[in-house]
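These notes concern the structure reproduced below.
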Amino acid sequence: MFNATLKRIRVQRFRNLRDVDVDFRSGANWIVGANAAGKTALLESIYCLSRGRSFRGRRFGSLIERGETSARIDGWLEASLGDARISWASARGEVTRDPAQGAETKLPVRLICEWTHALVEGEPSLRRRFIDWNLMLWDRSAGGLFSRFRRVASQRNAWLRSGARGQAVWDEPYAVALSEISRLRARFFEAFAEGFRALNAEEDWFRGIEACWDGVIAGQDELVSRLAEMRPADQERGFTYLGISRDDFSLRLDGNKWVGSRGQSKVLGCVLQLAAEQLVSGENGVGALWLVDDLDAELAPEWSQRVVGLLRRKGSQMFYTALPGKGLLASCRTADDAVFHVEHGDLLRAAG
């Protein structure tokens, strides 16, 4: 397995980062500063380089610095398969990436932030997106399968809205695609749940907690029959009710759904991310870079230190944000780590 390393980044007019140009370490990089100084914005810029979008919602406002009309991010990567440069830019609401394809593969990222707890206690749609995104990294054919399903679903829905006249020619291809997606999701989740179980046992995080698939796998013939039964209701509503948005997973203890504190849910969300990373990187041979935003905001020092220690053992490049004076930096920093101070959008590397 090889890890892509972000050796240098230049951020211009992004959030409150006016013009930041900095080199990073291949191991741990600590971004320290007061609230609203630009710590999370720096992680967000790295995320944009990889995914092409922000991980924060619209309530945080425009990505472009106030008073400006464009923003740009350039990243220089070092990897065993060759060095590369990737870019992201936004001008008047239009986002461009250079290269347009492959940035996420060249610089895969994993995020731990204030919403990580939602993987455990949030809406099912969040967990489905988590499973499907990792599934498409684990099995490259999955992306084409999802595209085929969306195309057939669009055609069947258009047929329903037009009155569902004639033969139900879209029922069989719809059932085939839906059945294949359900089986592929379940196959991925079986391997993922085993990795979660092993990681949980290895680290002794939460004894006895299991990741359980709550989706239903149905065969093609059964799905065709159900589509026929539901056709009058589907025609009335104008779309196919039976789809891929019903699957979910849960964490269970002794057969019952596990419920814990928000901090405990965040730790388990971290373990879920780690289990997914082990499975995906083991398949495609590419280790992800970790973005860890304000880890100790809701966690006890012991748990924060354990998460940092586990990430170190995985050997990936890591970026942590921390408030000055908090214990996480003092307890987890090593002599090989780089520390950067952020103040009013400026980033300076600490001496030593």
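Out of all the residues in region 129-155, which are open to solvent by 30 Å² or more (accessible area, probe 1.4 Å), in contact with a helix residue (DSSP H, G or I) (Cβ under 7 Å, 6 or more places away or on another chain) and over 30 Å from SER265 (Cβ atoms)?
ARG148
Look through LEU272, LEU295, LEU291, LEU227 and report the one residue that is at pLDDT below 95 and either closer than 30 Å to ASN35 by Cα or touching a helix residue (DSSP H, G or I) at 6+ places or on another chain (Cβ under 9 Å) (or both). Before you say what the answer is, go through the steps one by one.
Details: LEU272 fails: at pLDDT below 95; LEU291 fails: at pLDDT below 95; LEU227 fails: at pLDDT below 95.
Testing whether each residue is at pLDDT below 95 and either closer than 30 Å to ASN35 by Cα or touching a helix residue (DSSP H, G or I) at 6+ places or on another chain (Cβ under 9 Å) (or both) leaves just LEU295.
Could you list, in sequence order, the residues of region 21-38 that are hydrophobic (A, V, I, L, M, F, W, C), assigned to a loop (DSSP other than H, G, I, E, B) and under 12 Å from ASP336 (Cα atoms)? Give the derivation first.
If we filter region 21-38 for residues that are hydrophobic (A, V, I, L, M, F, W, C), which is where we start, we get 22, 24, 28, 30-32, 34, 36-37.
If we keep only those that are assigned to a loop (DSSP other than H, G, I, E, B) as well, we get 24, 34, 36-37.
Listed by number, the list holds a single entry, PHE24.
Which one of these does GLN235 not meet: (1) under 30 Å from LEU311 (Cα atoms); (2) open to solvent by 60 Å² or more (accessible area, probe 1.4 Å); (3) not aromatic (Phe, Trp, Tyr); (4) not in a strand (DSSP E or B)?
The failed condition is (1).
Regarding region 320-330, can at least one residue be identified that is polar (S, T, N, Q), modelled with pLDDT under 95, within 21 Å of the chain's Cα centre (by Cα) and surrounded by 14 or more Cβ atoms within 10 Å (Cβ to Cβ)? So that I can check it myself, show each step before the final result.
Initial filter on region 320-330 (polar (S, T, N, Q)): 321.
Within this subset, residues satisfying the condition of being modelled with pLDDT under 95 are none.
No, that holds for no residue.
Can you name the residue in region 111-128 that is hydrophobic (A, V, I, L, M, F, W, C) and open to solvent by 30 Å² or more (accessible area, probe 1.4 Å) and is also modelled with the lowest pLDDT among such residues?
TRP115
What is the residue count in region 251-267 for residues that are part of a strand (DSSP E or B) and crowded, with 16+ Cβ neighbours inside 10 Å?
1
If ARG333 passes every condition in (1) over 24 Å from TRP76 (Cα atoms); (2) buried (at least 21 other Cβ atoms within 10 Å of the Cβ) but one, which one does it miss?
Condition not satisfied by ARG333: (2).
So which of ALA191, ALA186, ALA218 ends up being open to solvent by less than 60 Å² (accessible area, probe 1.4 Å), under 19 Å from LEU145 (Cα atoms), part of a helix (DSSP H, G or I) and not charged (D, E, K, R)?
Just a single option satisfies the conditions, and that option is ALA186.
Hey, any hits in region 302-312 for a residue that's open to solvent by 10 Å² or more (accessible area, probe 1.4 Å), under 17 Å from the mean Cα position of the chain (by Cα) and under 30 Å from ALA191 (Cα atoms)?
Checked region 302-312: no residue is open to solvent by 10 Å² or more (accessible area, probe 1.4 Å), under 17 Å from the mean Cα position of the chain (by Cα) and under 30 Å from ALA191 (Cα atoms).
Answer with yes or no whether GLU202 is farther than 18 Å from TRP258 by Cα, open to solvent by 30 Å² or more (accessible area, probe 1.4 Å) and touching a residue at least 12 places away in the same chain (Cβ under 8 Å).
no
The values are calculated or read from the model by the stated rules, or taken from the named source; none is laboratory data. These numbers were taken from a predicted model, which means no experiment stands behind them. Positions of Cβ are backbone-derived with ideal geometry, glycine not excepted, and every protein chain shown enters the neighbour counts. Just the protein is used for accessible areas: all its heavy atoms, side chains included, with ligands, DNA and RNA removed. Shrake-Rupley method; radii C 1.70, N 1.55, O 1.52, S 1.80 Å.
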